[in-house]
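**Student:** Got a structure for you, written out below as structure tokens; questions coming shortly.
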Amino acid sequence: MGERLGLERERLALTSEETATRAGISETRLAVLEQGEDPGGADAVELAGLASVGVDVTFLLTGQRVLAQDERELVENYRASSPEQKKRPATTGHAVEKS
């Protein structure tokens, strides 16, 4: 799990400090998890905090991604869009649905 946590942090382009702060855990605890020094791994509260940061918890626990790379990028781009930009895919989806 430690290596996958590091990969997720890199994918999200976050520092250890940013990840820990946003996830509500200490930097020391994050380092322990990333280095695989806790055989029990992260607890449910820590996993929820990491998920709130954008960490793919399924990947963290199983090594399997929920979404393919292109799907993940689409979702990440959508989340980074302005409210006005977010309206466009919904409009396009409705137009396709009606045809």
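**Student:** Can you compute the charge dipole magnitude of the chain about its Cα centre, using +1 on each Lys and Arg Cβ and -1 on each Asp and Glu Cβ, nothing else charged? Give it in debye, rounded to the nearest 20.
**Tutor:** 600
**Student:** I'd like the orientation of helix 69-80 relative to the chain: the angle between its Cα long axis and the longest Cα principal axis, in ° from 0 to 90, rounded to 10.
**Tutor:** Around 80 degrees separate the two axes.
**Student:** Tell me, SER26, SER82, SER16 in order of fewest to most beta-carbon neighbours within 10 Å?
**Tutor:** On the way: SER26 11, SER82 7, SER16 14.
Ordered from fewest to most neighbouring Cβ atoms within 10 Å, SER26, SER82, SER16 come out as SER82, SER26, SER16.
**Student:** What is the angle, in °, between the Cα long axis of helix 2-11 and the longest principal axis of the Cα atoms in the chain? Nearest 10 is fine, range 0 to 90.
**Tutor:** With both axes taken from Cα atoms, the answer is about 40 degrees.
**Student:** In vacuum, with every alpha carbon of the chain counted as one equal point scatterer, what does the Debye formula give for log10 I(q)/I(0) at q = 0.15, 0.21 Å⁻¹? Two decimals, please.
**Tutor:** -0.66, -1.04
**Student:** Most exposed first by the Cβ proxy, i.e. fewest other Cβ within 10 Å, how do LEU50, LEU5 rank? Kindly include the intermediate steps, with their values, before the conclusion.
**Tutor:** Details: LEU50 25, LEU5 21.
Starting with the residue having the fewest Cβ neighbours, the order is LEU5, LEU50.
**Student:** Put +1 on the Cβ of each Lys and Arg and -1 on the Cβ of each Asp and Glu in the chain; which of SER26, GLN85, VAL66 then has its Cα farthest toward the positive end of the dipole?
**Tutor:** GLN85
**Student:** Which angle between 0 and 90 degrees, to the nearest 10, do you get for helix 83-98 versus the longest principal axis of the chain when only C-alpha atoms count?
**Tutor:** With both axes taken from Cα atoms, the answer is about 60 degrees.
**Student:** Here is a follow-up. At 222 nm, what helix-only mean residue ellipticity would the chain give, in deg cm²/dmol to the nearest 500, using -39500 (n - 2.57) for each DSSP H run of four or more? Can you show the working numbers first?
**Tutor:** Working: 7 runs with 70 residues, N = 99.
Rounded to the nearest 500, the figure is -21000 deg cm²/dmol.
Coordinate-derived values only; no laboratory data. Note that this is a predicted model, so its numbers are computed, not measured. All Cβ positions, even for glycine, are placed from backbone atoms using ideal geometry, and neighbour counts span all protein chains on display.
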